[in-house]
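The values are calculated or read from the model by the stated rules, or taken from the named source; none is laboratory data. No experiment lies behind these values; they were computed from the predicted model shown. We place every Cβ from the backbone using ideal geometry, glycine too, and count neighbours over all the protein chains shown.
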Amino acid sequence: MEFETSSRTRDLQARLLAFMDAHIYPNEHRFHAEIDANRKAGKAWTPSTLMEELKPKARDAGLWNLFLPKSERVPEGLSNLDYAPLCEIMGRVHFAQEVFNCGAPDTGNMETLERYASEDLKRQWLDPLLAGTIRSAFLMTEPDVASSDATNIQCSIKRDGASYVINGRKWWSSGAGDPRCTIFIVMGKTDPTAPRHAQQSMILVPRDTAGIKIERHLPIFGFDDAPHGHMEISLTDVRVPAANILLGEGRGFEIAQGRLGPGRIHHCMRSIGAAERALEMMCKRLKSRHAFGGALSEQSVWHERIAESRIMIEQARLLTLKAAYLMDTVGNKEARAEIAMIKVLAPNMASKIIDWAIQAYGGAGMCDDVPLGYMYTWQRALRLADGPDEVHRSAIAKMELKKYS
């Protein structure tokens, strides 16, 4: 098993680090100040002008659409293994991923369209997503059922002549708050009488279709995540062309597994980057602060935490690289155990290290002077996004027990 990065990736890594130093870190406060100003003016969902300034710079630097492997449309796309160290760097600042057109949920949606959409649908929706001129949302989770078991989903997708008619309610539809979000991928039931995993389908729904209503915004622990946002959405007699269905009726679970594998591992790559930054901030803070007769960095309790942080990061990174390697060599299905394991490990690891960094900063760690509060919030949310820890642990246990049956 070879984890050596290619020469091309090492070059991209150097360019990405330079871009972060020149354009991302110096603009963190500007990004938040801009969003705050829009919020106070009653325009929280206005796209960031900073983002639109930085995207052409990223494209010109050759740091664009690096996430998408094996696509004729994106010859610059990297393998999962080569993308891992770059995605980790992007994860050090929460808004950086979008600058490089490598942000969720667009990455997962673009992979879904690349793999499963017709050529006509690709031209209509994938091409502008790859160009970064529009954004997208994925509508699966529902408020009235336990959506961690996706067979519970109740949203109805019924064929009516040359159309499908959709009725249902979705929530935690990330990115739907952004006015640039123009296309939804919706998962629902086309045949409730079919076998359990053949009832669901996925279909493309333009955001401006009649019958779609944004019911409310859902903050995460008080953060509105503007201008991205997480929304509850109702769909009432929403009619779209039958050609908008992906692969055909009953293929929703198949598509979901193909989509969620890369999406999950990208989250984990970014979690490692967030943990690295938190450890870096923790060490610098401990060396600069003095109490009880010496630097905080001299206290044994912090030696324990620093050492444990480094061990945890390295463990998570190696498992992420293994999962990425297997995805590239034997496919997402064969890598499902490793994907599930890292999806549990990485956000828990990052949450712990960020929590220690907050302790090192004391009161400052809880305010917006440093990004630790938002980092912690997002890592905690990732323990639910793309499947809760409990579901992944159950899947891992079943695969393990199967070895002995």
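Results, tabulated for the structure shown:
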item	result
Condition met for Thr182 (at pLDDT 95 or above, β-branched (Val, Ile, Thr), within 22 Å of the chain's Cα centre (by Cα) and more than 19 Å from Ile255 (Cβ to Cβ))	yes
Residue check for Arg285: buried (at least 23 other Cβ atoms within 10 Å of the Cβ), among the charged types (D, E, K, R) and in a helix (DSSP H, G or I)	no
Flag for Met312 being part of a helix (DSSP H, G or I) and touching a His at 6+ places or on another chain (Cβ under 8 Å)	no
In segment 120-144, the residues that are surrounded by fewer than 22 Cβ atoms within 10 Å (Cβ to Cβ), more than 17 Å from Arg59 (Cβ to Cβ) and polar (S, T, N, Q)	Gln124, Thr141
Residue list for segment 62-90, restricted to those being at pLDDT 95 or above, of a type in the set (D, E, K, R) and within 15 Å of Leu126 (Cα to Cα)	Arg73
Count of residues meeting criterion [farther than 13 Å from Ile157 by Cα, part of a strand (DSSP E or B) and among the polar types (S, T, N, Q)] in segment 168-216	3
Residue identified as touching a strand residue (DSSP E or B) at 6+ places or on another chain (Cβ under 7 Å), surrounded by fewer than 21 Cβ atoms within 10 Å (Cβ to Cβ) and at negative phi among Pro219, Pro179, Pro192, Pro241	Pro241
Count - residues of segment 185-237 that are closer than 27 Å to Arg380 by Cβ and acidic (Asp, Glu)	4
Residues of segment 327-344 classified as among the charged types (D, E, K, R), touching a Leu at 6+ places or on another chain (Cβ under 9 Å) and not in a helix (DSSP H, G or I), total	1
Among (1) farther than 24 Å from Ile313 by Cβ; (2) at pLDDT 95 or above; (3) of a type in the set (S, T, N, Q) - the single one Thr9 does not satisfy	(1)
Filter result (at pLDDT 95 or above, under 23 Å from the mean Cα position of the chain (by Cα) and not small (Gly, Ala, Ser)) within segment 385-405	Pro388, Asp389, Glu390, Val391, His392, Arg393, Ile396
Some residue of segment 48-62 being hydroxyl-bearing (Ser, Thr, Tyr), surrounded by 12 or more Cβ atoms within 10 Å (Cβ to Cβ) and closer than 17 Å to Cys102 by Cβ	yes
Elements of type helices (runs of 4 or more DSSP H) contained in segment 1-111, each with 3 or more residues being more than 22 Å from Ile183 (Cα to Cα), within 22 Å of the chain's Cα centre (by Cα) and in contact (Cβ under 8 Å) with a residue 12 or more places away in the chain	7-19, 28-40, 49-60, 80-90
Of residues in segment 291-307 being surrounded by 12 or more Cβ atoms within 10 Å (Cβ to Cβ) and without any contact (Cβ under 8 Å) to a residue 24 or more places away in the chain, the one nearest to Ala350 (Cα to Cα)	His303
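Residue-by-condition table, conditions (1) crowded, with 19+ Cβ neighbours inside 10 Å; (2) more than 30 Å from Ser147 (Cα to Cα); (3) of a type in the set (Phe, Trp, Tyr); (4) touching a helix residue (DSSP H, G or I) at 6+ places or on another chain (Cβ under 8 Å):
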position: Arg289; (1), (2), (3), (4): no, yes, no, yes
position: Leu326; (1), (2), (3), (4): yes, no, no, yes
position: Ile339; (1), (2), (3), (4): yes, no, no, yes
position: Leu345; (1), (2), (3), (4): yes, no, no, yes
position: Asp369; (1), (2), (3), (4): no, yes, no, no
position: Trp378; (1), (2), (3), (4): yes, no, yes, yes
position: Leu401; (1), (2), (3), (4): no, no, no, no
